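Colleague: Have a look at the structure that comes next, please.
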Amino acid sequence: MAVVQGEEGRKEESAAAAAAGRSRTGPHPLLRGGARRDKYTHGMHPAQMEALRAMCGALIPSLPVDHEEEGARHGAGDGGRGGRPGDKDLERFYLASAADSATPDEVAELLVTRCVWEAGALAWVVLWVLSTRVGTLLLCGRQCLSGELPFVRRFADMPAPRREAALQRWSSARWLFPLRLAFAIVKILCHYVFYTMVNENLENPYWKAIGYRVEEQRKDRTESTTSPSRPLDNGVVETRALTDSTLLRSLAAKGLVVKPGAAEAHHTVQCDAVIVGSGCGGGVAAAVLASAGYKVVVVEKGEYFTAEDYSSIEGPSMERLFENGGIFCTSNVTTLIFTGATVGGGSAVNWSASIRTPADVMQEWAREHGLPVFASPGYVEAMDAVCARLNVTAGCREEGFQNKIVRSGCEALGLPAAAVPRNSSEGHFCGSCNFGCPTGDKKGTDTTWLVDAVERGAVILTGCKAERFILESNAGGRGENGRSKKCVGLLATCISNGITRKLRIEAKVSISACGALMTPPLLRNSGLKNRQIGRNLHLHPVSMAWGYFPENAPEPHLPGKCYEGGIITCMHRVTERTIIETPALGPGAFAAIVPWESGRDMKERMRRYSRTAHAFALVRDSGAGFVDGEGRLRFTLSPDDTEELRHGLRRALRILVAAGAAEVGTHRSDGLRLRCKGIRDEDLEAFLDECK
């Protein structure tokens with residue numbers, strides 16, 4: 001079983017999937033998962049893999065089921081699936097070890113292909129050190145000592161309890177931060193892989209034990225479905241399955257002027273406007289320009305999927321719909337970022353929240369940044385038009401479990417809880433819109449503006465990556481704008497193995513609409529030298545709190561599971577800069593971010609997954625980050641932002657306690673948590689004071 005595939009495997013699978021056509025039932029092959037990897041490309045030495053396998057086995061060990069303890073937990077209203085003798089799903093879950101599956105190889109692959117190179121190199125070195133006796137002694141101390149020859153064991157040869165003790169020491173090691181960081185990287189990847197890998201039946205063998213299932217709510221998916229509605233098909237050219245000749249024929253059939261490359265290294269395509277990116281900016285720009293009669297080409301490195309294609313399966317959906325397979329973090333590995341990489345961009349995978357720019361922010365932008373358009377009636381009219389086109393609604397007929405928790409806690413504390421506008425209908429009850437909305441209810445550019453653009457002749461190239469804009473000198477020195485160079489188009493590369501030459505897309509207008517993270521590298525690659533490129537990055541950082549609500553708890557009881565219902569329908573404002581909302585966390589993401597204290601504790605946390613609610617404090621950050629290059633960015637919280645997040649985190653914890661949580665906690669590495677039964681006010685205050 002494999003969660004992701006290497007680049008070669010991905011290309012072959014993509015081509016095969018596209019060649020198979022659309023006469024199928026069920027999710028798109030690229031979003032199903034379950035395919036076995038033909039080979040691994042991580043290149044780790046067998047000794048390193050032995051150490052990594054031992055680490056994975058210590059993080060997720062095989063354990064006996066304590067039926068007496070589990071039965072008592074179930075009788076007390078734990079909310080899981082039981083714990084009674086004979087529960088095969090539970091026994092399989094506890095007996096499973098990450099060392100006995102494809103998990104270690106998948107982790108190694110992600111370390112090499114997805115992590116920032118410093119993180120991958122650090123883990124590589126640590127694993128090499130652990131493959132030796134001297135290195136293990138250095139990093140594990142007395143835990144690796146034995147009373148028998150050779151007296152010092154390698155990490156892989158240490159007894160399981162001692163390996164676990166070593167990991168516990170590393171998780172809080174203040175004296176050697178690199179070791180703590182290496183532990184965190186392997187811990188995150190190991191748990192993510194273990195809980196997202198699926199078999200050929202699109203199932204993970206441990207989901208039942210943790211109370212999780214993929215919701216079957218895809219639109220009009222029946223056995224007779226052979227030709228799903230694909231509103232962009234008339235304009236989309238999916239390059240992954242094409243060759244040079246079939247690509248050129250496809251582009252010519254869409255009304256574009258094409259010139260096959262002869263001696264040159266590229267084919268030439270001519271149009272009026274080329275746009276990089278198909279998300280919120282690119283989709284609207286394409287529709288406006290196409291409506292004005294211009295021939296538009298949209299370049300998108302991701303693939304085109306529709307509601308009928310989405311599987312809601314975490315692993316393959318993250319791999320295919322998000323930048324870097326969803327494993328995209330800052331250079332210091334402290335902040336994880338999710339950014340869309342599919343047709344529709346972020347609008348295809350957003351959490352449905354559609355909040356207008358606040359009036360005070362518009363005034364600030366106009367006043368402090370010299371942008372009067374944001375204080376004009378025209379900007380308000382533009383927001384009105386966007387909300388109308390996306391069918392933004394202000395209410396919600398039925399809230400999901402997590403949002404009910406936040407609303408209930410706010411009401412108990414006498415705090416306001418506002419409804420969050422969403423780009424879907426008021427009756428939309430979907431908890432997997434972050435993996436593409438399987439019902440088609442949520443609206444994005446892929447179902448609105450891009451449809452308008454295609455209807456007016458626009459062409460969308462998928463599986464096509466922009467390399468650089470083409471800058472040429474102005475004839476006669478300087479142009480009308482006083483600049484010595486002008487942009488005449490874009491150079492792009494198709495990801496398909498069958499397309500051997502780059503595309504030179506010549507255009508009168510070139511637009512970069514690939515977001516705050518991808519636009520700076522593209523501009524630098526194009527030869528632009530402005531020192532402001534990549535600066536002033538803002539991320540709206542978050543800090544999460546969790547609360548456990550047993551299924552059979554006494555009143556107040558709120559039914560449901562954490563992955564059901566609208567992702568964000570309720571919001572509490574803490575300050576002008578800080579709000580509290582709820583996240584979308586599949587089992588893999590949940591396991592990756594939850595603190596690891598021991599193998600058994602982690603499995604017990606996962607057993608409570610479906611009834612663990614999360615709430616996060618989100619801050620409008622005053623500090624600023626910097627985009628270094630593609631996939632590389634620096635971001636550090638300012639002291640003021642840190643204090644805002646702490647204040648928001650404490651408020652989130654109060655809300656969870658007030659809503660009736662049996663236990664609450666944070667994601668601090670030491671597993672800080674508080675049991676709430678019979679808690680006194682002074683106990684709660686003391687706990688909140690620890691939350692830093």
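The values are calculated or read from the model by the stated rules, or taken from the named source; none is laboratory data. Bear in mind the structure is a predicted one, so any value in this text is a computation, not a measurement. Quick reminder, even Gly has a Cβ in these numbers, built from the backbone with ideal geometry, and neighbours come from all protein chains shown. Heads up: the accessible areas ignore ligands, DNA and RNA and are worked out on the full protein's heavy atoms, side chains in. Shrake-Rupley method; radii C 1.70, N 1.55, O 1.52, S 1.80 Å.
Colleague: Tell me, how many Å apart are the Cα centres for segment 361-397 and for segment 276-337?
Modeller: About 23 Å separates the Cα centre of segment 361-397 from the one of segment 276-337.
Colleague: By how many nm would the segment from E118 to E682 grow when fully extended, if each residue of separation counts as 0.36 nm and the alpha-carbon distance is taken off?
Modeller: 198.6 nm
Colleague: So, for the chain, what is the accessible surface per residue at a probe of 1.4 Å, expressed in square angstrom?
Modeller: So the chain comes to 42 Å² accessible per residue, rounded to a whole number.
Colleague: Ok, one more. Kyte-Doolittle cut-off -1.0, length cut-off 24 Å along the helix's own axis using Cα: show which whole DSSP H helices in the chain pass.
Modeller: 177-196, 639-658
Colleague: At a 1.4 Å probe, what is the % contribution of carbon and sulfur to the accessible area of segment 363-485?
Modeller: 51
Colleague: Okay, next question. If R₀ is 35 angstrom, what is the calculated FRET efficiency for the pair R133 and D66, using the beta carbon separation as r and rounding to 0.05?
Modeller: After rounding to 0.05, the efficiency reads 0.50.
Colleague: Among rounded, prolate and oblate, which fits segment 275-382 when a ≥ b ≥ c are the square roots of the eigenvalues of its C-alpha gyration tensor, a/c under 1.5 means rounded, and a/b larger than b/c means prolate?
Modeller: oblate
Colleague: I've got another one for you. State, to one decimal in nm², a quarter of the convex hull surface area for the C-alpha atoms of segment 574-692, i.e. the direction-averaged projected area.
Modeller: Mean projected area of the Cα convex hull: 9.0 nm².
Colleague: Another question, if that's okay. Compute the distance in nm between two label points, each set 7 Å from the Cα along the Cα-to-Cβ direction, one at L672 and one at A419.
Modeller: That separation, rounded to one decimal, is 3.6 nm.
Colleague: Let me ask something else. Shape call for segment 103-169 from the C-alpha gyration tensor, a ≥ b ≥ c root eigenvalues: rounded (a/c under 1.5), prolate (a/b greater than b/c) or oblate?
Modeller: Judged from the Cα gyration tensor, segment 103-169 comes out prolate (a/c at least 1.5, a/b above b/c).
Colleague: Taking N as the number of residues in segment 331-438, what value does Rg over Cα atoms divided by 2.2 N^0.38 Å take?
Modeller: 1.30
Colleague: Quickly rank 128-139, 270-281 as a protection proxy: mean count of other C-beta atoms within 10 Å, highest first.
Modeller: Highest to lowest by the protection proxy: 270-281, 128-139.
Colleague: Would you mind calculating the relative contact order of segment 482-614 from Cα pairs under 8 angstrom and at least 6 residues apart, reporting the percent as a whole number?
Modeller: Relative contact order comes out at 20 percent.
Colleague: Take the alpha carbon atoms of segment 625-692, find their radius of gyration, then divide it by 2.2 N^0.38 Å using N residues; give the quotient.
Modeller: Relative to the 2.2 N^0.38 Å estimate, segment 625-692 comes out at 1.45.
Colleague: Also, I was wondering about something else. Indicate, rounded to the nearest 5 percent, the antiparallel portion of the DSSP beta bridges found entirely in the chain.
Modeller: 70
Colleague: Please report, in debye to the nearest 20, how large the charge dipole of the chain is about its Cα centre when each Lys and Arg carries +1 at its beta carbon and each Asp and Glu carries -1 there.
Modeller: Computed about the Cα centre, the dipole is about 1440 debye.
Colleague: Here's a follow-up. Using mean Cβ contacts within 10 Å as the protection proxy, how do 237-247, 430-440 order, highest first?
Modeller: Ranking the peptides 237-247, 430-440 by packing returns 430-440, 237-247.
Colleague: Counting pairs of alpha carbon atoms under 8 Å apart in space and at least six apart in sequence, what relative contact order in percent does the chain give?
Modeller: Dividing the mean separation by the residue count of the chain yields 17 percent.
Colleague: Enter the per residue convex hull volume of the chain, computed from alpha-carbon coordinates, in Å³ rounded to the nearest integer.
Modeller: Dividing the Cα hull volume of the chain by its residues yields 180 Å³.
Colleague: Sort the following peptides by mean Cβ neighbour count (other Cβ atoms within 10 Å, averaged over residues), highest first: 511-519, 566-574, 399-407.
Modeller: Packing proxy ranking, top to bottom: 399-407, 566-574, 511-519.
Colleague: In whole percent, how big is the carbon plus sulfur part of the accessible area of segment 321-362, probe 1.4 Å, protein atoms only?
Modeller: Carbon and sulfur: 60 percent of the exposed surface of segment 321-362.
Colleague: For segment 167-200, run through the trypsin sites (Lys or Arg not before Pro) and keep only the ones in DSSP coil with at most 13 other Cβ atoms within 10 Å of their Cβ.
Modeller: Filter output for segment 167-200: R174.
Colleague: Give the carbon-plus-sulfur fraction of the accessible surface of segment 540-610 in %, rounded to a whole number; probe 1.4 Å, heavy atoms of protein chains only.
Modeller: Roughly 56 percent, rounded to a whole number.
Colleague: Rg to Rh ratio, segment 382-525, alpha-carbon atoms and Kirkwood radius?
Modeller: 1.14
Colleague: Normalised by the number of residues in segment 578-692, what is the relative contact order in percent for Cα pairs under 8 Å and 6+ residues apart?
Modeller: Over segment 578-692, the number comes to 26 percent.
Colleague: Estimate the FRET efficiency between R142 and R646 by the formula 1/(1 + (r/R0)^6), using the beta-carbon distance for r and 35 Å for R0, to the nearest 0.05.
Modeller: Working from the Cβ atoms, E equals 0.40.
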